[in-house]
Amino acid sequence: MTDRGVDIVQPEASAANAGSPDVPSDALTAPESVQEPRPGSALEHLRRKVQKARETRVLDLDVPTLDGAIVVRFRPITATELADIYKRRRNTPLEEQSLMSAADVCAKTCIGIYERSANGELVTDGEYLASEDGRPVTFATLGLASTGRAVDEVRALYTADGDVIGTSNAVVEFSGFAEKITGAIQGE
C-alpha cells in the first residue's frame, strides 16, 4: 500500500498468464532484494530525474492584500507531515482546529519569504527578508526570533485568517492531495 492509500497489485504467476506478451516472465517472480541501478542505466537516469523534479518543485504564492510585494515559497507537504499535523491538532478547540492546522502546513512547508523587486524578481536581500547568512527567512526562523512559534508568524503575516486557510489549501492541493484543510480534522 502506498502513502496515498492505493494498493499496488503485482501480476500473479499462473498458467493463464505465463508466457503472455503482456506479462514479462521476470515479472512472475518477485526479486529477493532490490538492486541498485547500474551507473549509466535507464533506471539510474530516471531516479536522478525524479530526484531533481522533487528538489525543484516549489509553489510561489503572493501574500494576499499586499499587491504582490511579498511572496512565500512552499515545497510539497508529505503524507506523513500532514497526518502528524492532523494528529497534533485533534485536541485543539474545535473553532481553532482548521486555522491552526492550516498555519502548521504553511509553517512546515515554507522554504522562503521573498520581497518582489520593481522588475518582478524575488529577492532576499531586503532589510527584513534575509537571514544573517543571506538565505531566505522562513516562518520557522521568524518564529525563533520572536514568539518561538512559527504558527504565530504565519498568522501575523496574513491579514485574515481565511487567507491562511486558503494558502494552506493551495499547498495541500499542489502536493497532490484532494482533501483540503477545512473539515479534514473533523472528518467532514
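A few remarks follow.
- One chain, two ends: LEU94 and SER41. Fully extended at 0.36 nm per residue, the span grows by 13.8 nm beyond their Cα-Cα distance.
- Paramagnetic label zone (point 7 Å from Cα along Cα-to-C-beta, ILE111; backbone N under 19 Å) in the range 34-74: 47-63, 71-74
- Peptides 56-68, 158-170, 76-88, 95-107 ranked from most to least packed by the mean count of surrounding Cβ atoms within 10 Å: 95-107, 158-170, 76-88, 56-68.
- Charge sum, other residues only, whose C-beta stays under 9 Å from GLN97's C-beta, Lys/Arg counted +1 and Asp/Glu -1: 0
- Extension gain, ASP60 back to GLU173 (0.36 nm per residue minus Cα-Cα distance, nm): 39.3 nm
- Taking amide H positions as modeled 1.01 Å from N, with prolines and chain starts lacking one, the residues under 5 Å from ILE111 and 5 or more places away or on another chain are ARG73, PHE74, ARG75.
Bear in mind these aren't lab numbers, they're just calculated from the coordinates by the rules spelled out. For clarity, every value in this text was computed on a predicted model and none was experimentally measured. Heads up, the Cβs are rebuilt from the backbone with ideal geometry, glycines too, and the neighbour counts pull from every protein chain shown.
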